[in-house]
Amino acid sequence: MAMRAYNTPFDGGGNRAMDARKANDRIAEKAEQLRFVSRVPMLCECSEPACRTIVMIALGDYHAVRQSDDALLTAPGHRVGGAALETRTSNYDVRRLGRSDDGDRRSA
Ligand SMILES: [Zn+2]
């Protein structure tokens, strides 16, 4: 009875997130060329390979998220292996890699 890790931090999850991130960077570039003033549709960067959720975010906010290398943009409630929720808005969550929000609270 081998236990199979369903949600390995950084492996499956991280790579999927990186792909979504690259795609989103291209979307941001296009949006700038087209001078989008309202929100831009971005791909959710969660760990679920089948996720096709679109996240609407203002370009300025997107760039603010991208300032940090370890921040990921997801649809509200979508999870990334090895990342913890940092900011929640009504349209999207910002999660940060290198932390986990699944219980690991050592400093009581
Ligand atoms: Zn997702």
Can you name the residue in region 60-92 that is closer than 14 Å to Arg21 by Cα and in contact with a Ser or Thr (Cβ under 7 Å, 6 or more places away or on another chain) and is also modelled with the lowest pLDDT among such residues? Val80
Matching residues in region 26-55 - criterion: being part of a strand (DSSP E or B), farther than 20 Å from Arg96 by Cα and within 16 Å of the ligand (Cβ to nearest atom): Pro41
Tally the residues that are farther than 20 Å from Arg39 by Cα and in contact with a Lys or Arg (Cβ under 9 Å, 6 or more places away or on another chain), restricting the search to region 55-76. 2
Tally up the residues in region 69-99 that are surrounded by 14 or more Cβ atoms within 10 Å (Cβ to Cβ), within 12 Å of the ligand (Cβ to nearest atom) and at positive phi, please. 0
On the basis of being touching a Gly at 6+ places or on another chain (Cβ under 8 Å), loosely packed, with under 14 Cβ neighbours inside 10 Å and modelled with pLDDT of 90 or more, does Pro49 make the cut? yes
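The values are calculated or read from the model by the stated rules, or taken from the named source; none is laboratory data. Computed from a predicted model, the values in this text were never measured in an experiment. FYI the Cβ positions are ideal-geometry reconstructions off the backbone, even for glycines, and counts take in every protein chain you see.
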